[in-house]
Amino acid sequence: MHLLHKCLEKAGFTRANRLQSGDKNEQLQERVDSNENRTLKDPFTEVMLRVLNLIRELVLFCLILMAYSAFTSESPCKVTKPPAAYPFFSKNNVVKDFHRGQIVSAIEYSKFSDISFVMFYAPWDAESQAARKEFLTAANYMKEFVVFTAVNCWQPGSECRNQYSKVYRWPVLIAYPTFGNGIQYNGPIRAPHIISFLNKLIQPVKKMNESVLNFEEAFVIAELNSSPKNTEYSVFYTVALKYLEADYMGRISFLVKPVQHTQNKISLYLWNQVRVLDIEPGGWRVDTILHWIIKTSESPSSWTAPSGTKSLLLSEHLQAGPALVLFTPRNPLHSNYDYYIMLQELAQEYKNCDNWGLSFDMKSKRLRNVLGHKYLRRSCAAKSNNPKNKEVSITTTTSFLNHTSKILNRETEFDCDSLSVCTSIEELKIGKCLRSQPHIEGRLLTAKVEKDEEFYITSMLRQDYRSMQNLRKVKEKEQCRMFQTAEKLKPAGFIVNDYVEDESLDFSTISCLSANHSLTFVAMDSLVYGVFAERLGVDLSKRRDMSAVVILNEKMESHYIMQEPITSKNLRRFVHNFSSGTLSRSKRSALNVPSRNSLKYTFMKSKFNKTALIIVRELRSENFLKSVLYPKKAVLVMYYSKQCSHCNGISYAFLTVARKLDFVQNVHFARIDGEVNILPWEYTMDEFPTILFFPADKKEESRAFPSNIPISVPNLLGFVLANVDMPTKLHIMYSVCLHSQVEKQKSDCLATLRNETLYLIEKSLKDWRKSNNRHRQVVLHNLKQLRQLQFLFSHSPYEHSLIESYFRKLNVHLAGDYVGSTSKKAVVKEEL
């Protein structure tokens with residue numbers, strides 16, 4: 001009952017409170033209403049309120065009207081018209097430019113040639129603009145055999161843009177042969193490489209020559225009835241085209257051996273064996289044969305050509321184990337590369353562990369290439385310098401009927417070299433020799449004149465341009481033109497007197513060991529990929545024939561550069577020394593090559609007391625050890641990378657600390673690009689930025705700045721102060737105090753410095769009590785210097801030169817143990 005009474009009393013008290021609070025609320029409401037009535041009675045306020053309400057209603061009405069019109073409007077959104085298309089190529093060159101994106105017209109135009117080469121471009125793209133010059137150069141060279149066309153595939157609303165809207169990179173180069181689909185060109189967009197690609201596309205399949213087989217790495221032979229109507233021949237021809245699309249270099253040659261009845265097999269000749277693909281009758285399929293060739297073909301050495309974008313092409317060679325890389329010019333207009341053939345010979349011997357019989361004699365091939373190059377150079381020079389006959393072309397409007405092509409030509413050009421009847425050009429001009437009827441080689445041509453229906457018998461066109469003799473002349477002429485163009489680009493390099501074996505090196509004993517058998521042989525074009533050699537510290541401009549040999553070992557993070565001239569003997573000895581572990585690791589990098597592709601560095605300088613001082617020194621591989629291991633000097637080194645954006649952010653803190661400590665002579669600041677400089681293992685860092693501190697005395701006790709602490713000016717100063725000895729610590733604190741800009745901070749800093757000096761004096765006195773008589777003399781000398789410093793810090797802290805003199809004496813004798821050398825003891829006695 002008592003509890004109930006309490007609850008009731010509490011409830012009644014609450015009800016009473018509510019009543020009282022209700023009365024108070026009513027009184028407050030009456031006051032607010034009265035105030036509002038007073039405010040509304042003001043005429044100006046009343047007008048302003050009405051204006052505000054009107055504006056609010058107008059804004060709301062406009063928003064509703066805009067939303068209604070947006071939802072009910074059926075007209076499409078207005079889009080700005082694209083800019084008018086403009087020609088990418090000039091109208092007077094050999095490239096037909098469809099700058100409005102008329103792809104249908106471009107295809108119709110390309111049908112007039114057996115092979116057409118089309119460039120799909122975007123006019124704003126930088127790569128398309130750079131490819132324009134190379135494409136035009138290739139067109140001027142190949143205009144007699146290939147039709148060159150360009151299509152603007154970026155123009156909005158054009159046929160090409162609507163059909164190919166998902167192209168992510170420009171330009172796209174596609175060659176269209178007589179039949180079949182287009183062959184995309186994936187090589188470097190340079191005129192020589194494009195010309196080489198088109199020449200291989202013109203003749204993807206060659207007739208087998210029994211005497212000499214010219215090849216690069218392997219070749220495929222098919223025994224076929226070589227009639228163009230033969231289905232097997234068409235399939236084999238298409239396989240050759242598809243392989244050329246997959247490998248623009250065309251390292252595998254496709255040969256046909258004409259036979260009366262087609263053999264249902266294809267032979268793949270590799271460096272050490274022959275593999276045969278048996279094909280069932282009627283089972284000739286392009287995809288099956290191409291897949292078998294790519295899967296089965298293997299070579300101990302190969303060319304590699306990175307695409308210029310992110311790719312794993314090089315990592316496939318380097319991650320498998322050590323790789324020997326040959327940098328040598330690969331002139332695409334030349335068919336022979338002496339340095340690469342020498343590498344092939346070495347690789348075949350290295351990989352021939354099971355003593356397989358080698359299919360090709362590389363030494364004989366190299367010798368034949370040298371002799372053939374010399375003969376071609378002499379014959380082409382003789383033809384260009386001493387022409388036997390002067391060719392004169394004369395055009396006549398008379399219609400002649402060519403009996404071979406069966407086409408009536410209205411205008412025909414004649415070469416006076418083929419006119420056996422005409423005695424002079426004047427006779428040809430007046431038409432005297434046209435009515436003669438000589439019988440030369442039994443070849444007569446009937447010409448018809450449409451005007452008077454008269455027939456003339458003439459020998460003027462007795463030789464068909466498609467005859468064997470004329471085709472041979474055209475081939476020789478084209479060979480010389482190709483040879484001269486190739487020599488202008490880069491003369492072929494041959495190693496003279498390099499065909500004798502070195503019997504002192506037994507190469508077979510080192511090639512088949514399990515640890516050494518993983519060496520990969522790779523060649524790279526130094527004309528295109530010379531920057532890779534520069535990154536390894538190889539200056540190709542100073543090398544013979546721009547060729548160099550480097551062994552890369554990614555697992556050991558090392559590389560070895562061959563310094564001797566590249567010969568078969570030196571190359572074998574280089575591989576032998578690597579296998580035996582006697583080669584010295586190279587420390588060269590891109591900084592050692594003066595090239596436009598090398599990284600450039602500038603020194604950070606500041607002026608203090610009218611003297612230019614280098615605050616942070618830039619280190620390289622050559623002077624790194626000498627700088628950080630300099631005796632009696634503490635060194636703070638920052639490892640950075642040009643690719644590290646965070647390194648640029650903390651560089652300000654590092655430079656600020658270096659500027660604050662520029663009075664401390666025995667503390668040096670330096671930095672090094674850890675990405676391009678090759679250092680010993682113990683000094684190589686995996687992360688950037690990294691800061692290392694090398695003490696003045698015990699260099700082996702270097703310390704790294706903690707990675708879990710942010711790199712700032714206070715943290716970096718604390719890291720330096722925690723790792724130096726006491727005299728250097730006093731010197732650093734004094735330098736920081738002098739660089740303080742605020743007077744209060746400077747006074748507080750000097751007070752802390754005086755306390756540290758007193759602590760050091762106290763510590764020295766304790767050491768004096770524990771030391772013997774010989775050590776006490778040294779301690780007494782240091783106490784004298786500390787006393788003078790304490791006096792100067794208290795009364796004359798800005799006497800910089802005087803304070804520095806005492807610091808120099810203190811740094812000489814107080815750092816390290818008190819047991820010094822005999823000369824130091826003599827100096828101390830002298831000063832005492």
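Quick notes on this one:
- Every condition in (1) closer than 28 Å to LEU738 by Cβ; (2) in contact (Cβ under 8 Å) with a residue 24 or more places away in the chain is met by TYR652 except one, and the failing one is (2).
- Applying a threshold of 7 Å to beta carbon distances and a minimum spacing of six or more residues, or different chains, the list of pairs starting in the stretch 517-546 at a residue that is more than 29 Å from GLU298 (Cβ to Cβ) and open to solvent by less than 50 Å² (accessible area, probe 1.4 Å) and ending at one that is at pLDDT 85 or above and in a loop (DSSP other than H, G, I, E, B) reads LEU540/SER526.
- Search result, residues across the stretch 690-703 that are part of a loop (DSSP other than H, G, I, E, B), in contact with a Ser or Thr (Cβ under 8 Å, 6 or more places away or on another chain) and not aliphatic (A, V, I, L, M): PRO695
- One residue stands out in the stretch 622-667 among those that are of a type in the set (Gly, Ala, Ser) and modelled with pLDDT under 85: the one that is least open to solvent (accessible area, probe 1.4 Å), namely GLY649.
- Verdict on TYR176 being farther than 20 Å from SER307 by Cβ, open to solvent by 60 Å² or more (accessible area, probe 1.4 Å), hydroxyl-bearing (Ser, Thr, Tyr) and in contact with a Gly (Cβ under 6 Å, 6 or more places away or on another chain): yes
- Matching entry among LEU343, LEU312, LEU290, LEU326 (being under 31 Å from the mean Cα position of the chain (by Cα) and modelled with pLDDT under 85): LEU312
- Any chance GLU245 is touching a strand residue (DSSP E or B) at 6+ places or on another chain (Cβ under 6 Å), surrounded by fewer than 20 Cβ atoms within 10 Å (Cβ to Cβ) and among the charged types (D, E, K, R): yes
- Each residue in the stretch 290-309 was checked for being outside any helix (DSSP H, G or I) and closer than 27 Å to TYR350 by Cβ, and 10 pass.
- One residue stands out among those in the stretch 668-682 that are open to solvent by less than 40 Å² (accessible area, probe 1.4 Å) and of a type outside the set (Val, Ile, Thr): the one that is nearest to GLU804 (Cα to Cα), which is PHE669.
- For the stretch 69-107, the set of residues classified as modelled with pLDDT under 90 and among the polar types (S, T, N, Q) consists of SER69, THR72, SER73, SER75, THR80, SER90, ASN92, ASN93, listed by residue number.
- Which numbered condition THR582 misses (of (1) out of contact with any strand residue (DSSP E or B) (no Cβ under 8 Å at 6 or more places or on another chain); (2) of a type in the set (S, T, N, Q); (3) over 21 Å from GLU622 (Cα atoms); (4) open to solvent by less than 60 Å² (accessible area, probe 1.4 Å)): (4)
- Any hit, the stretch 764-776, residues being under 23 Å from TYR734 (Cα atoms) and of a type in the set (A, V, I, L, M): yes
- Of the helices (runs of 4 or more DSSP H) that lie entirely inside the stretch 704-783, those containing 3 or more residues that are small (Gly, Ala, Ser) span 743-770.
The values are calculated or read from the model by the stated rules, or taken from the named source; none is laboratory data. Please read these numbers as outputs of a predicted model, since none were measured by experiment. Positions of Cβ are generated from backbone atoms using ideal geometry, with glycine treated the same way; all protein chains shown enter the neighbour counts. Ligands, DNA and RNA are stripped out before the accessible areas are found, and what is left, the full protein with its side chains, is counted by its heavy atoms. Shrake-Rupley method; radii C 1.70, N 1.55, O 1.52, S 1.80 Å.
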